[in-house]
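Inspection log for the structure reproduced underneath, given as structure tokens.
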């Protein structure tokens, strides 16, 4: 394929903007064409970010792409989330992802499955720390997305688990969302926002999840 000159690329982008103004081109289409000039957001998460049980395109990560377009923020989303993943799994996958995508921002949404499997909290914290440090060394800003566990896990464990995300974030000078499911799992009638398994949020909960992440994520995109 013949290389396109810098002037040619500028002409192409300007033409795209003109088409948007004329109503011929949709903003999302323009974003897809110009995303290379913006930032890359890498999401490393589990089923909460992998659209488990949802229609494709309705999870919070897909909604994030739409919000970026609406806010006219030149950035693309790489969703590398896998259902059932743990912090150990994310740690093993991260080096290749950093090398492949060279992200500007890394969103780490892992830890919930560690708790469900009864994995040592010290191991979870170590993995989160390692992923945060590795991402920062690669030149990315990091956003840790925190989780909480039900009280039946024991008050002490539940409190220490919830605090671990902010603990790691403070130590590594990273951004943090204390509770990803705020307003979803702690509402007046939380079960109505969950799928029958009572673990995975329904489609209508994902805009709320995005709202929980967005304020901190937007700061990292400035």
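The values are calculated or read from the model by the stated rules, or taken from the named source; none is laboratory data. These figures come from a predicted structure and were not determined experimentally. Every residue, glycine as well, gets a Cβ built from its backbone with ideal geometry; the counts of neighbours run over all protein chains shown.
Quick look at the values:
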{"quantity": "Failed item, numbered, when residue 139 is tested on (1) exposed (fewer than 13 other Cβ atoms within 10 Å of the Cβ); (2) at pLDDT 95 or above; (3) assigned to a helix (DSSP H, G or I)", "calculated": "(3)"}
{"quantity": "Test result for residue 69, under 27 Å from residue 205 (Cβ atoms), in contact with a helix residue (DSSP H, G or I) (Cβ under 7 Å, 6 or more places away or on another chain), at pLDDT 95 or above and not in a loop (DSSP other than H, G, I, E, B)", "calculated": "yes"}
{"quantity": "Any hit, segment 168-178, residues being without any contact (Cβ under 8 Å) to a residue 12 or more places away in the chain, in the same structural domain as residue 60 (by TED's automatic domain parsing), out of contact with any strand residue (DSSP E or B) (no Cβ under 6 Å at 6 or more places or on another chain) and not in a helix (DSSP H, G or I)", "calculated": "yes"}
{"quantity": "Checklist (1) modelled with pLDDT of 95 or more; (2) surrounded by 12 or more Cβ atoms within 10 Å (Cβ to Cβ); (3) in contact with a helix residue (DSSP H, G or I) (Cβ under 8 Å, 6 or more places away or on another chain) applied to residue 25, failing item", "calculated": "(1)"}
{"quantity": "Search result, residues across segment 198-218 that are in a helix (DSSP H, G or I), over 14 Å from the mean Cα position of the chain (by Cα) and either buried (at least 21 other Cβ atoms within 10 Å of the Cβ) or not assigned by TED's automatic domain parsing to the domain that holds residue 63 (or both)", "calculated": "205"}
{"quantity": "Set 193, 210: member being in contact with a helix residue (DSSP H, G or I) (Cβ under 7 Å, 6 or more places away or on another chain) and either in contact (Cβ under 8 Å) with a residue 60 or more places away in the chain or within 21 Å of residue 119 (Cβ to Cβ) (or both)", "calculated": "210"}
{"quantity": "Residue match in segment 117-129 (condition: in contact with a strand residue (DSSP E or B) (Cβ under 9 Å, 6 or more places away or on another chain) and over 18 Å from residue 39 (Cβ atoms))", "calculated": "yes"}
